[in-house]
Amino acid sequence: MKERYFTDDFFDRLEQLALNLPTTLTGYYGGKHRINKYGQTVEFADFRKYEPGDDIRRIDWNLYARLGKYFLKLFTDERQMHVRIYVDCSASMGFYPDKAEFSLGLAAALGYLAVRNNDKVSFHLIKNGISNNPFGLIVGKNAFYSAVGKLRDVTFEGDADFAKTIPNIPDMSTNDGLAVIISDFLTDNQWQKAVDYFVFKKQQVLICQVLDKEESSPSYSGKVNLIDCEGSGLGDERNIHLSITHSTLRAYKSELANYVAEIRKFCSSRSAAFLFADTTSSVEKALFGELTRYNLVR
């Protein structure tokens, strides 16, 4: 994995962004969300520097006595805003290294914006019909940096069935945050059912479609064999042999544009935000461009 999206410089560039979760959620964390109800903290999680307007009752005076600087104690709360990020780790997502890197970089960026906002975050890696949450619940930058150092080493294999996997993930709360799916959505599986499940759970939803530049604008020509990397091998019925001409490429781009439009329309019907990006762009540009239009990032 290239060191493009997992550097101090990358996260520093994100400091000018912030997640803008709706205030109608039932979560609580002091300082970053304007809410009407406050919860009872239950477990210490991390420290952060004091900022004007913070509750001085949370200042750790013992730390101040040692360092001469003001730090707040951060606590985990079961009603804290929770950003759940579901990453498609199937073979098609890892076929192009730049695509895998972009997808994990996007996941890391959204996770960073969550902890910077004093929210909880969890990364769910979907492949081979299984959802794996290897880092648990992440609160605070220290825990985030520890997890993100391992996120870049994720492997991609098999397929990802969001419709079957996501509704079976335990402990999905109601109306407590943002659910994100990062995928190419180049699948026969009914991923729309996962979105409907999030809507049923009253989560705010963000769908991120990530394609490699060779998928959004292929450079192939002549006679080629197209092998489904998630198929059963050379004899898979989805494998095809064809001659690629200019008219073939035009037809492909037209079908891709129609498919992206269908995803966007479906998301709109569910009041879900939709982000499309390919590897010719950058994570920062994608966040600045698309998500600011939904008022999800500011």
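None of the figures in this text is laboratory data; all of them are computed from the coordinates on show. The structure presented is a predicted model; accordingly, all values stated were derived computationally and were not measured. Every residue, glycine as well, gets a Cβ built from its backbone with ideal geometry; the counts of neighbours run over all protein chains shown.
Among 125-132, 242-249, the peptide with the highest mean count of other Cβ atoms within 10 Å heads the list, and the full ranking is 125-132, 242-249. Other residues lying with their Cβ under 10 Å from the Cβ of residue 276 contribute a combined charge of -1, Lys and Arg counting +1, Asp and Glu -1.
Note on segment 100-192: the alpha carbon radius of gyration divided by the globular reference 2.2 N^0.38 Å gives 1.08. Cross-link pairs exceeding 25 Å in C-alpha to C-alpha distance, out of 265/285; 213/285; 99/202; 120/202; 127/193, comprise 99/202.
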